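Since the structure comes first, as structure tokens, the remarks are kept for the end.
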Amino acid sequence: MTHSPRILVDADACPVKEEIYRVAYRVAVPVVVVSNAHLRVPVHPLISRVVVDDGFDAADDWIAAQVDPAALVVTADILLADRCLKAGAPAVIAPNGRPFTSSSIGNAVAVRAIMSDLRAGGDRIGGPPPFGKEDRSRFLSALDAAIVRVRRAAGG
């Protein structure tokens, strides 16, 4: 069974939603925007919205359950990225354009756990650098490349 590519977006704090919509229109790939709160999305046949309940990890659970060999996932959440890769997502991309891969996710999960432990211990740790124009550009390149890979794998 072949699947057409689609983009699943962990949308509550996603800074590249507009970029995702533009790519979707250009390459005719459906987008599902998943959030805990009602977000405005464009009225367009390629764009749909799923609002989950406000339970802990409800959006993550919904996204992980929808993953198949054509589901491109956009998330900054390392643990969700890990779940999606294990469920067979062909690409999981952070909004800054960094791809999560099966070879890099273990290290990302470990670093996240260390940083969490340090913060819990009272250490003051700086956050990620501010989101910039280079991040948007890197994201767009990564998303385009992922769509091409999935279409090739599906034979179309």
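The values are calculated or read from the model by the stated rules, or taken from the named source; none is laboratory data. The structure presented is a predicted model; accordingly, all values stated were derived computationally and were not measured. Reconstructed Cβ throughout: ideal geometry from the backbone, glycine too, with neighbour counts over all protein chains shown.
Taking LEU72 as the residue in question, decide whether it is in a strand (DSSP E or B) and under 19 Å from VAL150 (Cα atoms). Talk me through it step by step, then tell me what you get.
On the way: in a strand (DSSP E or B): yes; under 19 Å from VAL150 (Cα atoms): yes.
Yes; evaluated as a whole, the condition is true for this residue.
So VAL92 passes all but one of these: (1) touching a strand residue (DSSP E or B) at 6+ places or on another chain (Cβ under 7 Å); (2) free of Cβ contacts under 8 Å to residues at least 24 places away in the same chain; (3) surrounded by fewer than 21 Cβ atoms within 10 Å (Cβ to Cβ); (4) among the aliphatic types (A, V, I, L, M). Which condition number does it fail?
If we test VAL92 against (1) touching a strand residue (DSSP E or B) at 6+ places or on another chain (Cβ under 7 Å); (2) free of Cβ contacts under 8 Å to residues at least 24 places away in the same chain; (3) surrounded by fewer than 21 Cβ atoms within 10 Å (Cβ to Cβ); (4) among the aliphatic types (A, V, I, L, M), just (3) comes out false.
When residues of the stretch 12-63 are filtered for being part of a loop (DSSP other than H, G, I, E, B), in contact (Cβ under 8 Å) with a residue 40 or more places away in the chain and closer than 15 Å to LEU80 by Cα, how many remain? So that I can check it myself, show each step before the final result.
Going through the stretch 12-63, the residues part of a loop (DSSP other than H, G, I, E, B) turn out to be 12-16, 28-30, 36-46, 52-57.
If we keep only those that are in contact (Cβ under 8 Å) with a residue 40 or more places away in the chain as well, we get 12-16, 29.
Still in the list and also closer than 15 Å to LEU80 by Cα: 12-14.
Adding up the residues that qualify gives 3.
Sort out which residues of the stretch 11-54 are in contact with a helix residue (DSSP H, G or I) (Cβ under 8 Å, 6 or more places away or on another chain) and among the small types (Gly, Ala, Ser), and write them in order of number.
Once the filter is applied, which keeps residues that are in contact with a helix residue (DSSP H, G or I) (Cβ under 8 Å, 6 or more places away or on another chain) and among the small types (Gly, Ala, Ser), the stretch 11-54 yields ALA11, SER35.
Which is at pLDDT below 95, over 13 Å from ALA11 (Cα atoms) and surrounded by 15 or more Cβ atoms within 10 Å (Cβ to Cβ), of ASP54, ASP60, ASP82, ASP77?
Working: ASP54 fails: surrounded by 15 or more Cβ atoms within 10 Å (Cβ to Cβ); ASP60 fails: over 13 Å from ALA11 (Cα atoms); ASP77 fails: over 13 Å from ALA11 (Cα atoms).
Going through ASP54, ASP60, ASP82, ASP77 in turn, just one is at pLDDT below 95, over 13 Å from ALA11 (Cα atoms) and surrounded by 15 or more Cβ atoms within 10 Å (Cβ to Cβ): ASP82.
Checking ALA13 against (1) within 20 Å of ALA154 (Cβ to Cβ); (2) loosely packed, with under 13 Cβ neighbours inside 10 Å; (3) at pLDDT below 95, which single condition isn't satisfied?
For ALA13, the exception is condition (1).
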